[in-house]
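A short write-up of the structure that comes next.
The values are calculated or read from the model by the stated rules, or taken from the named source; none is laboratory data. A quick note: this is a predicted structure, and the numbers were derived from the prediction, not measured. Every residue, glycine as well, gets a Cβ built from its backbone with ideal geometry; the counts of neighbours run over all protein chains shown.
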Amino acid sequence: MIARLFNFHGGVKPDAHKNESANAPIQPAPMPSRLVVPLRQSTRATARCIVSPGQHVLKGERIGDPEGTLGTAVHAPTSGTVVEFGLHPLAHPSGLNTRCVVIEPDGEDRWVERHPFDYHTATREQALAQLRDCGIVGLGGATFPSHVKLGRGSGIDTLILNGAECEPWITCDDRLMRERAADILAGASILRELIGARRLVVGIEDNKPEAIAAMQAAAGGIEGDVAVVAVPSLYPAGGEKQLIRVLTGVEIPYGKLGAEFGVQCFNVGTAHAVYRALAHGEPLISRVLTLTGNVSRPGNYEVLIGTPISHLLALCAPKPDTDRTLMGGPMMGFALPRLDVPVVKGTNCIISASPTLFPPPQPEQPCIRCGECARACPAELQPFELYWFSRALNFGKAQEYNLFDCIECGCCSYVCPSHIPLVDYYRFAKSEIWAREREKSAADQARDRFEFRNYRQEREKEEKAAKLAAKAAETRAKMADKGAAEEAPANADADPKKALIAAALARAKAQKEAAPVRNTEALSPETEKEIAEIDARRIKAALIDPATPAGDTPSERSPESTS
Amino acid sequence: MIHSPYIRKPASVQRVMLNVLLALTPGIAAYVWQIGAGILVNLAIASVTAVAAEVLMLSLRRRPVMLAATDLSAIVTAWLIALAFPSIVPWWLTVFAVLVAIVAVKHLYGGLGQNPFNPAMAAYCTMIVAYPSLMSQWPAAGTVSFDTQLQLILGGLREIDAVTGATALDALRTGLRGDANVGTLLQTAPFGLFGGRGWEWIAGGYLLGGLFLLLTRTITWHLPTGFLAGLALTSGVLWLFHPDQFASPMFHLASGGAMLAAFFIVTDPVSGATTPRGKLIFAAGIGLIAYLIRAFGAYPEGIAFAVLLMNICVPLIDMKTQPAVFGHRGGRQS
């Protein structure tokens, strides 16, 4: 059991606006006429398309193979015909295109054959592969592949289930916990088993008493150490690091994983998807999301991945003064640049925004260093310092003041009396730093290549010289065998240059020696002695002569001269 | 394109400044009650000058005038100058001081949020150096009629000795130099229950306003606590050893500008330290230096100089007192 809760620094209490949609049960959204399924469904990984236009697919049939370590499979959300494989805009602030499979539903919604996965008998690797092949990613919004998160964990003591849902307006996790508590906890206990955790803690903000009650009731059916804990409603209590801090007191620094501290955290929706994937063999092809804001009929819907947002908006009927549509919550979400984009696995909420509900920001005033932002910052940064540094393009200093610990929760911008869009400054600074690092790494690569080229040329040169020296030594050895190498300098083998000279001399001598042998046969010892004396004189003359092979070019281009 | 967050807390610079002005009103009320309504005239002169100077400088700097001129920050500076100065200084001295604060100390350094020095205190220091006699003529409590005050402010009448009395700090200082001891001095006219007679009520008014600022979270406890503790501790140490030579911490807290400084002057966010530990160091430093000037310096009151001296140290203090970031505590991180 949880003995006590911990606080995290800062945080804000914006109006929750949960009542608008919290009492609307989850309904299946009607089938759209076309589903645009992006192949990019997890962070930094795009699946490889394995279907072609014209092909008929069943519901849950795989249409994209996982690629790379962070890849997960992508599936057809319903049965129908693949009509296109091409680029379509993604639900992203940039509105960039991504590869999508467009499916025209046949209306039958016929499932592919499904097999429950017996994770008790399977190895851990097989279970993780099953999750990957079912396309399970974090449904809290980050869409981080669950099998990777599980695979990294060892020595995990506590598995935390994140049902905090701290962002205003969003109620999809609330409804999911109220309606499918048993499934969520079944998924959580699978996760706990896969990760080898001892205890399971579910953290839910105390503004969701029905969800807490439902989860507590369902927790009775789960073996082992399970606790459903109400945490104070304080944004961003649902931030992974903040929730871990509240429930365990452990602080996970930037760049570290919970696994290193014996804690791992999953969203309740993810646990639910894990349960469907393992107990029913169903891939992740739909999710629950909230339609709310300036609408006539707010609600929570089970939506197929790939459903266009515009199709969903028809369900909730935005009021006429709606001027923007937000994806995600108002604190961390973004305004959709266009509405024909599809729902992806990270889409938890669509908010119709009006100037009344979300007034345009007031004009920016100068920072007066009042420190409100520092008091609100859950990462315990000094946001105004980061603002000054980012504004002055002093990115090094911003990094020194831990810019990258910023989780972009928006608390600082929320409280700023000068209405400075602080988070925008940090996003700008981070992207500038990333761009510079990329530039630097490109330059590093070019330099590495250049240096390697120099090194290679040098190495080849040395190899050539070594080969020559070896050859010389060999020749000298031969001479020594013949007992005619006595004139060679004693320190010849210490200096490659001298070795070369010696080798050349030896070669010349050998030639000279060879020559008379061919022409003179059966000489008398006297004649031989005479010839030897002449030869010796010749060699002596050759040693003094500067025109001997001493000035060989390779030795002049010594390694020092090029480095 | 507007980015998240799409919701904002209803807060503004105007609101912050308005809170400060509201918090000053109990002190001003006590001022009017104890000393006279002359302070209101000075507040008005200072406010008008400040807004005019603000508008002038903003247009010279080609900045949007309306938003910045209505942020009330110039009014706060003006009020602090009027309250820190003797309330019977001639009008031109107030105007001059406000111009120094707004034009030189604030806008020449880049306007709101950019000034390294507290504008009101820089103006105070300039004036006390330039016009030492005018700056040390304080009206004694309940002795100067509003008419006389008005005439003193607007010019003409300058028969100073007839209407002014030494302030408590000044009397103490002069008295101690003349071989009197603290105990007998405190029985004389300028002294009240804790500090200067009449003035201690004003200090109480500032304290009340300061509590309002704390409750509305306009300021944090660090700065007033640091300053008052710095002043009380240093005066307390000397008082314990030589109670005849040095006044009690209580006297020092209730006299001069201590309360005004604790809640309204050292709390200036722009020119002060910002980290929790830094705030304590910054404010305690002001308390310490202010006391040293009071006890051993050439001026009866030393807060203004202390503030400027500590303003200089702010970048260093902030740099050296950066709090640990989430997850980087306890040496777990290299």
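Kindly indicate whether any position in segment A:358-369 is more than 8 Å from chain B (Cβ to nearest Cβ) and either crowded, with 21+ Cβ neighbours inside 10 Å or modelled with pLDDT under 90 (or both).
There is no residue in segment A:358-369 that is more than 8 Å from chain B (Cβ to nearest Cβ) and either crowded, with 21+ Cβ neighbours inside 10 Å or modelled with pLDDT under 90 (or both).
Any idea which of (1) free of Cβ contacts under 8 Å to residues at least 24 places away in the same chain; (2) surrounded by 22 or more Cβ atoms within 10 Å (Cβ to Cβ); (3) more than 14 Å from chain B (Cβ to nearest Cβ) is the one residue A:385 doesn't satisfy?
Against the list (1) free of Cβ contacts under 8 Å to residues at least 24 places away in the same chain; (2) surrounded by 22 or more Cβ atoms within 10 Å (Cβ to Cβ); (3) more than 14 Å from chain B (Cβ to nearest Cβ), residue A:385 comes up short only on (3).
Let's see how each residue does on (1) more than 10 Å from every other protein chain (Cβ to nearest Cβ); (2) farther than 17 Å from residue B:118 by Cβ; (3) polar (S, T, N, Q):
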site: B:281; (1), (2), (3): yes, no, no
site: B:286; (1), (2), (3): yes, no, no
site: B:298; (1), (2), (3): yes, yes, no
site: B:302; (1), (2), (3): yes, no, no
site: B:314; (1), (2), (3): no, no, no
site: B:322; (1), (2), (3): no, yes, yes
site: B:325; (1), (2), (3): no, yes, no
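Does residue A:47 satisfy the criteria of being at pLDDT below 95 and within 29 Å of residue A:357 (Cβ to Cβ)?
It is false that residue A:47 is at pLDDT below 95 and within 29 Å of residue A:357 (Cβ to Cβ).
Going through A:68, A:60, A:95 one at a time, which residue ends up being more than 30 Å from residue A:331 (Cβ to Cβ), surrounded by fewer than 17 Cβ atoms within 10 Å (Cβ to Cβ) and either touching a strand residue (DSSP E or B) at 6+ places or on another chain (Cβ under 7 Å) or hydrophobic (A, V, I, L, M, F, W, C) (or both)?
Criteria check complete, one pass: A:68.
Pairs please, first residue from segment A:415-428 and over 20 Å from residue A:93 (Cβ atoms), second anywhere and polar (S, T, N, Q), Cβ atoms under 6 Å, 6+ apart in sequence or on different chains.
If the second residue must be polar (S, T, N, Q), the pairs left are A:417/B:12; A:418/A:365; A:419/A:362.
State whether the residues of segment A:213-230 include one that is touching a strand residue (DSSP E or B) at 6+ places or on another chain (Cβ under 8 Å), under 17 Å from residue A:5 (Cα atoms) and within 14 Å of chain B (Cβ to nearest Cβ).
The answer is no, given that none of the residues of segment A:213-230 is touching a strand residue (DSSP E or B) at 6+ places or on another chain (Cβ under 8 Å), under 17 Å from residue A:5 (Cα atoms) and within 14 Å of chain B (Cβ to nearest Cβ).
Can you pull out every residue in segment B:180-203 that is part of a helix (DSSP H, G or I) and not acidic (Asp, Glu)?
B:182, B:183, B:184, B:185, B:199, B:201, B:202, B:203
So, residue A:5, is that one within 30 Å of residue A:230 (Cβ to Cβ), modelled with pLDDT under 95, surrounded by 15 or more Cβ atoms within 10 Å (Cβ to Cβ) and not assigned by TED's automatic domain parsing to the domain that holds residue A:241 or not?
Considered against the rule, which asks whether it is within 30 Å of residue A:230 (Cβ to Cβ), modelled with pLDDT under 95, surrounded by 15 or more Cβ atoms within 10 Å (Cβ to Cβ) and not assigned by TED's automatic domain parsing to the domain that holds residue A:241, residue A:5 comes out as yes.
Could you tell me how many of the residues in segment A:103-161 are touching a residue at least 40 places away in the same chain (Cβ under 8 Å), outside any loop (DSSP other than H, G, I, E, B) and acidic (Asp, Glu)?
2
If you go through segment B:204-247, how many residues are without any contact (Cβ under 8 Å) to a residue 60 or more places away in the chain and either assigned to a loop (DSSP other than H, G, I, E, B) or away from chain A (no Cβ under 14 Å) (or both)?
Matching residues across segment B:204-247 total 21.
Go through segment B:70-95 and count every residue that is within 14 Å of another protein chain (Cβ to nearest Cβ) and crowded, with 19+ Cβ neighbours inside 10 Å. Spell out the reasoning first.
Initial filter on segment B:70-95 (within 14 Å of another protein chain (Cβ to nearest Cβ)): B:70-74, B:76-77.
Checking which are crowded, with 19+ Cβ neighbours inside 10 Å leaves us with B:71-74, B:76-77.
Number satisfying all stated conditions: 6.
Taking segment A:249-274, which residues are more than 13 Å from every other protein chain (Cβ to nearest Cβ) and surrounded by fewer than 22 Cβ atoms within 10 Å (Cβ to Cβ)?
A:259, A:262
Looking at this structure, is residue B:67 among the aliphatic types (A, V, I, L, M) and away from every other protein chain (no Cβ under 14 Å)?
Considered against the rule, which asks whether it is among the aliphatic types (A, V, I, L, M) and away from every other protein chain (no Cβ under 14 Å), residue B:67 comes out as no.
Would you confirm whether or not segment B:297-318 contains a residue that is farther than 25 Å from residue B:173 by Cβ and not in a helix (DSSP H, G or I)?
No, the conditions are met nowhere in segment B:297-318.
Using the structure shown, decide if residue B:261 is in contact with a Phe, Trp or Tyr (Cβ under 8 Å, 6 or more places away or on another chain), crowded, with 24+ Cβ neighbours inside 10 Å, closer than 18 Å to residue B:101 by Cβ and at pLDDT 95 or above.
Working: in contact with a Phe, Trp or Tyr (Cβ under 8 Å, 6 or more places away or on another chain): yes; crowded, with 24+ Cβ neighbours inside 10 Å: yes; closer than 18 Å to residue B:101 by Cβ: yes; at pLDDT 95 or above: yes.
For residue B:261, the condition - in contact with a Phe, Trp or Tyr (Cβ under 8 Å, 6 or more places away or on another chain), crowded, with 24+ Cβ neighbours inside 10 Å, closer than 18 Å to residue B:101 by Cβ and at pLDDT 95 or above - is met.
Looking only at strands (runs of 3 or more DSSP E) that lie completely in segment A:1-101, which have at least 3 residues being out of contact with any helix residue (DSSP H, G or I) (no Cβ under 6 Å at 6 or more places or on another chain)?
A:35-38, A:62-65, A:80-89
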